[in-house]
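Worksheet: one structure, shown below.
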Amino acid sequence: MKSKYIFVFTICILFVSFFFLIKSTLADKGRKYYEEAGYIVWDIKTKKKIVALTFDDGPHPTYTAEILDLLSKYDAKATFFILGKNAEKSPQVVLRMYEEGHELANHTYTHPLKGSVSQILKEIKKTNETIYSITGFTPTLFRPVEGRYTDGLVNEVVKEGYKVVMWSWHQDTRDWDDPGVNKIVNTVLKGTKPGDVILFHDGGSDRKQTVKALEKILPELQKKGYKFVTISELLKEQEMSKKEIKGIK
């Protein structure tokens, strides 16, 4: 009987330990905490008609180049969350992004869906080294793969001097899933608000739909008076707004 109780007690201890281990690896502080701490940005509150176009998983020698052509046509700036392995394959595209005034940001080296914090930090470092070797610029913005993060990852990334960038919850175009050009266009145009961060993909697979959608989105938002800015420009606007509010108070 005594051994039975010991067995049950041991199982309970293991269960509780497992629960707290899982809990400690998940991000549980919430958006409000991270926004107020300045660790993560999803979007900003502003009355100015500005939005940030962001692209993940590139560069791609064809689709990124076509997107850059469109951005140039509409005098639009964007932020590209680059995979290091793709940057090595298409350094000329990365250099073009930089020379045309777009913002280069970090999206890991191999796009791992799983990995320890130390492994992800190594990937971030390797990607930054790759981007620097091409452009002489070192990114300070990081977007986790598929937007997945933990408290541990955020803390370590911030310690290394990075800002974590997500996207507006209503501006996930899901273009990676090939939902159709009209679906991508409608998602963006129906939901756009000042200060939004819009999520697209320029690499990873066939991005013809993304390119076609941008051909409609860019001129339409421009007609509505929107200006396309980088994430850093968006963050500067956020800081200015905070200072104005403090000044009023």
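The values are calculated or read from the model by the stated rules, or taken from the named source; none is laboratory data. A quick note: this is a predicted structure, and the numbers were derived from the prediction, not measured. Cβ coordinates were reconstructed from backbone atoms using ideal geometry, including for glycine residues, and neighbour counts include every protein chain displayed. These accessible areas exclude ligands, DNA and RNA; they are computed on the full protein's heavy atoms, side chains included. Shrake-Rupley method; radii C 1.70, N 1.55, O 1.52, S 1.80 Å.
Okay, here's what the table says:
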read-out	value
Where a residue in segment 68-87 is on the phi > 0 side of the Ramachandran plot and its partner, wherever it lies, is surrounded by 18 or more Cβ atoms within 10 Å (Cβ to Cβ) and at pLDDT 95 or above, with Cβ under 9 Å and at least six apart	D75/F228
Residues of segment 222-239 satisfying the condition of being of a type in the set (V, I, T) and under 11 Å from I44 (Cβ atoms)	V229, I231
Residue list for segment 212-227, restricted to those being touching a residue at least 40 places away in the same chain (Cβ under 8 Å) and open to solvent by 10 Å² or more (accessible area, probe 1.4 Å)	E215, P219, Q222, K224, G225, Y226, K227
The listed residue being of a type outside the set (A, V, I, L, M), open to solvent by 40 Å² or more (accessible area, probe 1.4 Å) and out of contact with any Phe, Trp or Tyr (no Cβ under 8 Å at 6 or more places or on another chain), out of K208, K243	K243
Selection within segment 136-169 - open to solvent by less than 30 Å² (accessible area, probe 1.4 Å) and at positive phi	G147
Cβ pairs under 8 Å, 6+ apart, first in segment 186-210 and farther than 24 Å from S90 by Cα, second part of a strand (DSSP E or B) and of a type in the set (D, E, K, R)	T187/D172
Test: L71 is open to solvent by 30 Å² or more (accessible area, probe 1.4 Å) and aliphatic (A, V, I, L, M)	no
Which numbered condition D28 misses (of (1) in a helix (DSSP H, G or I); (2) out of contact with any Pro (no Cβ under 7 Å at 6 or more places or on another chain); (3) over 25 Å from K236 (Cβ atoms))	(1)
